[in-house]
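Structure first, commentary second.
The values are calculated or read from the model by the stated rules, or taken from the named source; none is laboratory data. For clarity, every value in this text was computed on a predicted model and none was experimentally measured. Methodologically, a virtual Cβ is constructed for each residue, glycine included, from the backbone with ideal geometry; neighbour enumeration extends over all protein chains shown.
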Amino acid sequence: MEYTHIKPETDGNVGILTLDRPSKFNAINHGLLFEIEHYFDTLPDAIGAVVIRSSGQHFCAGLDLLEHSMRDAAGAMHECRLWHRIFDKIEYGSVPVVAAMNGGVLGGGMELAMTAHIRVSQQDTFYELPEGRRAIFVGGGATVRVGRIIGASRMMEMMLTGRRYGAEQGLQLGLAHYVEPNGTAFDKAMELARRVTENAPLSNYMMVQAITRINDMSASDGFFAESLAAAIAQSSPEARAGMEAFLTKTGKRDNQ
C-alpha cells in the first residue's frame, strides 16, 4: 500500500507510525483508518514495539466531520464498527504500542490514543470529548477505553459539558502515564519503546493480550485466565534464562 495519510519509519526494532495530515490537524478519515490497519497487519516480525506520533501542532482532532456528515444512520454504525475493528488491532496487536501526544487529543483522537499501552504527553497536551456538544456521540470505542480509564461518570461529564483537561490533569486521571516538556514527548516515547523491547517477546505479547481482557472478566474467570497467561509466558527460553540468572545472582537488578 502507498501511504498518503501516515508516515511509517523504523528505528532499530522500534516502528514509528506518524499521523500525517497536519493541515487537517490529523483528523481521522477513512483513508487514515485503512492505512493504520494495513500498517499493523503487515508489521515485520523484527519490530518489538511501535510509537504512534503526529505531525503538526496537534496529535489528532478526532473524526473528520466532512466524511461523517455524508453518512446515514446505517453507514455511521458500520463506520463505528470499522473503527472498533481497526483500533482493536492496535490494543490487541502483536507488540506494545506507545503514544507520543502533543497539542489536542480530541474525540476520536482520544479514542486512538487510548488504544496505546503506554501514553506520553507533554505540557501543551489537552483532552476533550466534544461529540456531545456537536449533537453526536462517540463511536470509536471511547465508552469502553476512555470509560475504563477515567470512569463512566467522569466521561459523561466530559461529554455533557465539553470539559477540557490539561496535561497534568490527564496524568492524574490516567489518560497519560508521563508528562514531558514541550517538544520532548516523542523522545520519551522512544526511550520507553526501546526499554519495552528488552523484555521477552512472549511476555510482552501476553501482557498486551491478557491484562485488559482479564480486567473485564469476573474475578473467578480472571484468576483462571491469569494462570494460563503465566504458564504460557514462563515457557519461553527468555523466561528460563531470566529465572536461572536470578537464582544464580548473575542477572542485573532493575529498580527503575
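I'd like the full set of residues that are touching a residue at least 12 places away in the same chain (Cβ under 8 Å) and surrounded by 14 or more Cβ atoms within 10 Å (Cβ to Cβ), limited to segment 152-161. Residues satisfying the conditions are ARG154, MET155, MET158, MET159. Condition check for VAL120 on (1) β-branched (Val, Ile, Thr); (2) within 25 Å of THR184 (Cβ to Cβ); (3) loosely packed, with under 14 Cβ neighbours inside 10 Å: one failure, at (3).
Counting only residues that are small (Gly, Ala, Ser) and more than 18 Å from the chain's Cα centre (by Cα), which one in segment 2-49 is surrounded by the most Cβ atoms within 10 Å (Cβ to Cβ)?
Taking segment 2-49 as the starting set, the residues that turn out to be small (Gly, Ala, Ser) are 12, 15, 23, 27, 31, 46, 48-49.
Now narrow it down to the ones that are more than 18 Å from the chain's Cα centre (by Cα): 12, 23, 31, 46.
Working: GLY12: 13, SER23: 9, GLY31: 15, ALA46: 9.
Among them, the one singled out is GLY31.
Filtered by the rule that a residue be in a loop (DSSP other than H, G, I, E, B) and under 15 Å from GLY109 (Cβ atoms), segment 163-186 gives ARG164, LEU175, ALA176.
Against the criterion of being of a type outside the set (Val, Ile, Thr), free of Cβ contacts under 8 Å to residues at least 60 places away in the same chain and more than 21 Å from GLU37 (Cα to Cα), GLN122 does not qualify. Test VAL144 against the stated conditions and say whether it is in a helix (DSSP H, G or I), at pLDDT 95 or above, outside the structural domain of THR212 (by TED's automatic domain parsing) and surrounded by 15 or more Cβ atoms within 10 Å (Cβ to Cβ). Spelling it out, VAL144 is indeed in a helix (DSSP H, G or I), at pLDDT 95 or above, outside the structural domain of THR212 (by TED's automatic domain parsing) and surrounded by 15 or more Cβ atoms within 10 Å (Cβ to Cβ).
In the list ALA176, ALA233, ALA193, ALA219, which residue meets the criterion of being more than 30 Å from GLU128 (Cβ to Cβ) and either surrounded by 16 or more Cβ atoms within 10 Å (Cβ to Cβ) or in the same structural domain as ILE150 (by TED's automatic domain parsing) (or both)? Please lay out each step first, then the result.
On the way: ALA176 fails: more than 30 Å from GLU128 (Cβ to Cβ); ALA193 fails: more than 30 Å from GLU128 (Cβ to Cβ); ALA219 fails: either surrounded by 16 or more Cβ atoms within 10 Å (Cβ to Cβ) or in the same structural domain as ILE150 (by TED's automatic domain parsing) (or both).
Selected residue: ALA233, the only one of ALA176, ALA233, ALA193, ALA219 that is more than 30 Å from GLU128 (Cβ to Cβ) and either surrounded by 16 or more Cβ atoms within 10 Å (Cβ to Cβ) or in the same structural domain as ILE150 (by TED's automatic domain parsing) (or both).
Being under 16 Å from the mean Cα position of the chain (by Cα), among the aromatic types (Phe, Trp, Tyr) and outside the structural domain of SER94 (by TED's automatic domain parsing) is a property that does not hold for TYR127.
Could you tell me whether LEU202 is crowded, with 16+ Cβ neighbours inside 10 Å and assigned to a loop (DSSP other than H, G, I, E, B)? Explain how you work it out, then say what you get.
Working: crowded, with 16+ Cβ neighbours inside 10 Å: yes; assigned to a loop (DSSP other than H, G, I, E, B): no.
Answer is no for this residue.
Take the conditions (1) modelled with pLDDT of 95 or more; (2) within 23 Å of ASP41 (Cβ to Cβ); (3) in contact with a Lys or Arg (Cβ under 9 Å, 6 or more places away or on another chain); HIS78 misses just one of them, which is (1).
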